[in-house]
Amino acid sequence: MRLADYTTLRLGGPARDFVRASTDEDLIAAVRAADASGEPVLILGGGSNLVVADAGFDGTVIQVATRGVSRGGEPGVVTVAAGEDWDAVVARAIAEGLAGLECLSGIPGLAGATPIQNVGAYGQEVSQTVTRVRAYDRMAGEIVTIPGERCGFGYRTSVFKRDQTRRLVVLGVTFRLAVQPAAAPVRYPELAAALGVAVGDQVASTEARSAVLELRRRKGMVIDPADPDTRSVGSFFVNPVLDGAAMAALETAARARCGAGTRVPRFDAGDGLVKVPAAWLIERAGFSRGYSLGDGARISSKHTLALVNSGSASTAGLIALARQIRDGVGEVFGVSLAPEPVLVGVTL
Ligand SMILES: Cc1cc2nc3c(=O)[nH]c(=O)nc-3n(C[C@H](O)[C@H](O)[C@H](O)COP(=O)(O)OP(=O)(O)OC[C@H]3O[C@@H](n4cnc5c(N)ncnc54)[C@H](O)[C@@H]3O)c2cc1C
């Protein structure tokens with residue numbers, strides 16, 4: 001079973017064992033059995049945030065294939081099984097007149113993975129609407145319910161992602177959405193411009209979804225089997241978050257590199273911190289769209305932050321490219337880029 005067939009990068013060697021779990025009971029039983037025999041476990045969703053070694057995974061891969069969406073309790077509360085396709089969940093919420101997920105349209109993968117890295121795009125993050133996560137706790141051997149405020153959500157992170165033991169297997173996620181046909185106020189300038197409205201304005205959720213999908217398609221951020229620029233994990237690096245001293249040092253380095261009048265773009269990240277676009281740093285460090293080391297791994301021709309498999313890449317080649325970019329940005333700007341995807345059997 002080649003894991004390349006299950007990752008959006010189309011990379012990754014064989015799994016020693018592969019189990020598909022279509023009920024919570026099967027999922028828990030598969031995890032328990034592997035844990036009992038000391039087998040390493042890899043929980044697989046849609047494989048859209050995974051970089052798997054060419055050597056594969058020497059353990060049990062458990063593919064989440066559970067289904068179910070239910071509305072219950074208060075209006076706007078929706079509970080989704082981990083194995084539901086994420087974009088279908090978003091489309092269904094909009095069709096049912098629920099707002100709060102529309103800007104997360106077009107993100108590949110499954111619902112159960114959305115809390116793992118607190119998926120976000122165009123001004124929305126799931127942390128804004130997740131009220132609880134039901135999970136199997138591998139250490140305690142029981143099902144637990146974690147309220148949203150205890151999920152430790154941050155920029156592309158959570159308790160689930162930070163915990164290297166991968167103790168929690170997400171079974172289902174509950175969202176509280178607004179019962180309204182209008183989308184949440186538009187927060188992202190690029191989206192506002194595409195919609196022809198001001199930041200803070202509201203449009204119909206259907207309109208917000210269409211605009212987000214259009215913006216994403218142009219960047220190769222909606223999976224399209226015919227478009228090799230979408231054979232990626234989305235953004236390969238997270239945007240660095242810097243304090244005042246680090247930002248001042250970056251500005252000095254940027255002026256030295258790009259000229260005295262250079263202003264590094266930044267966004268407020270709260271607590272006196274700023275977020276700097278990694279794509280800006282990568283481009284100015286000398287890596288342009290399409291750049292490659294000549295072995296099939298390259299920077300997307302549509303988006304500087306996406307590293308893609310143009311067809312003949314290996315994971316080793318992709319990681320070599322990522323290392324060169326990370327080291328280049330470090331040398332020029334003194335900023336350390338961190339990977340966004342989960343690396344399995346490889347390090348950067
Ligand atoms: C073209 C493209 C565009 C993207 N755009 C965005 C974007 O705009 N914003 C964004 O935030 N991300 C984006 N991503 C990244 C990715 O789609 C998200 O991180 C997504 O949530 C991953 O879901 P998945 O089901 O594919 O997870 P996988 O890649 O299968 O798994 C990712 C990690 O989560 C773990 N995991 C998965 N399911 C569970 C579970 N049920 N319980 C416990 N652990 C689990 C896995 O073990 C692994 O560690 C993009 C990716 C691609 C390819």
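Of the residues making up the stretch 51-76, those that are open to solvent by 20 Å² or more (accessible area, probe 1.4 Å) and touching a Leu at 6+ places or on another chain (Cβ under 8 Å) number 3. In the set Thr145, Thr131, only one residue is open to solvent by 30 Å² or more (accessible area, probe 1.4 Å), more than 10 Å from the ligand (Cβ to nearest atom), touching a Gly at 6+ places or on another chain (Cβ under 6 Å) and assigned to a strand (DSSP E or B); that residue is Thr131. Considering only the stretch 118-127, I want to know if a residue exists there that is open to solvent by 10 Å² or more (accessible area, probe 1.4 Å), of a type in the set (S, T, N, Q) and under 23 Å from Gly68 (Cα atoms). Within the stretch 118-127 (the criterion being open to solvent by 10 Å² or more (accessible area, probe 1.4 Å), of a type in the set (S, T, N, Q) and under 23 Å from Gly68 (Cα atoms)), the answer is yes, since at least one residue qualifies.
Of all the residues in the stretch 283-318, those that are more than 19 Å from the chain's Cα centre (by Cα) and in a helix (DSSP H, G or I) number 4. Condition check for Ile282 on (1) more than 16 Å from the ligand (Cβ to nearest atom); (2) out of contact with any Phe, Trp or Tyr (no Cβ under 9 Å at 6 or more places or on another chain); (3) within 27 Å of Asp54 (Cα to Cα): one failure, at (2). Filtering Val179, Val241 for residues that are under 26 Å from Thr347 (Cα atoms) and more than 10 Å from the ligand (Cβ to nearest atom) leaves a single hit, Val241.
Look at Ala269 and say whether it is of a type in the set (A, V, I, L, M, F, W, C) and touching a residue at least 12 places away in the same chain (Cβ under 8 Å).
When the stated conditions are applied, Ala269 passes them.
Among the residues of the stretch 148-174, the one identified as away from the ligand (no atom under 12 Å from the Cβ) and either touching a His at 6+ places or on another chain (Cβ under 9 Å) or at positive phi (or both) is Gly152.
The values are calculated or read from the model by the stated rules, or taken from the named source; none is laboratory data. Predicted, not measured: the structure shown is a model, and the values here were computed from it. A quick note on method: Cβ atoms are made from the backbone with ideal geometry, for glycine too, and the neighbour counts reach across all protein chains shown. Each accessible area value is taken on the protein alone, full model and side chains, heavy atoms only, with ligands, DNA and RNA left out. Shrake-Rupley method; radii C 1.70, N 1.55, O 1.52, S 1.80 Å.
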